[in-house]
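The values are calculated or read from the model by the stated rules, or taken from the named source; none is laboratory data. Only a predicted model underlies this, so the values are computations on that prediction, with no experimental measurement involved. No Cβ is skipped: glycine too gets one built from the backbone with ideal geometry, and neighbour counts run over all protein chains shown. For the accessible areas, the whole protein counts, side chains as well, though only heavy atoms, and no ligand, DNA or RNA atoms are used. Shrake-Rupley method; radii C 1.70, N 1.55, O 1.52, S 1.80 Å.
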Amino acid sequence: MDPLVRAAIEARRQAVAPFSKFLVGAALESRDGRVFTGCNIENASYGLTVCAERVAVFKALSEGARAFSRIVVCADTQHLTPPCGACRQILWEFCPEAEVILVNLDGASETLAIRDLLPRAFDVSFLT
Ligand code: THU
């Protein structure tokens, strides 16, 4: 198995999801070969929930990584779970070149491009 897929599956086991019980793991690979994992983290104030993808991206950025090649997202769903809208925005802004690889626990996998997940995106180019 691809080590990045394995890392996402393992990260999912750390999910803090007492409300939804929907466990998600992510593993983000930087161009310099590092792997940053994330899981979803829910909170009694539901709106503060952070998705697995954003945890992985923010961990990576806080460790100095700036260029990324792939992110694997793992959930236990038959129809592969895609990133939510908020995560698509973050992925577009910080990992625009990364492949987004959706997997489940049964071995299904699909690879997508962020530009296809978030067409006509808003980003920093509009602020200048
Ligand atoms: N969630 C993620 O972590 N990533 C996704 O791609 C979809 C949704 C989380 C947020 C929340 O904790 C739970 O899944 C249900 O929405």
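Please go through (1) in contact with a helix residue (DSSP H, G or I) (Cβ under 7 Å, 6 or more places away or on another chain); (2) within 15 Å of the ligand (Cβ to nearest atom); (3) open to solvent by 30 Å² or more (accessible area, probe 1.4 Å); (4) in contact (Cβ under 8 Å) with a residue 40 or more places away in the chain for Phe19 and return the number of the only condition it doesn't satisfy.
Failing condition for Phe19: (4).
From Leu118, Leu80, which residue is over 18 Å from Asn40 (Cβ atoms) and within 15 Å of the ligand (Cβ to nearest atom)?
Step by step, each of Leu118, Leu80 is checked, and only Leu118 is over 18 Å from Asn40 (Cβ atoms) and within 15 Å of the ligand (Cβ to nearest atom).
For the stretch 56-75, does any single residue satisfy the condition of being within 15 Å of the ligand (Cβ to nearest atom), among the aliphatic types (A, V, I, L, M), surrounded by fewer than 19 Cβ atoms within 10 Å (Cβ to Cβ) and under 23 Å from Asp2 (Cα atoms)?
no
Does Glu10 satisfy being farther than 29 Å from Val124 by Cα and out of contact with any Phe, Trp or Tyr (no Cβ under 8 Å at 6 or more places or on another chain)?
yes
Show me the helices (runs of 4 or more DSSP H) entirely contained within the stretch 50-118 in which 2 or more residues are among the charged types (D, E, K, R) and in contact (Cβ under 8 Å) with a residue 60 or more places away in the chain.
none
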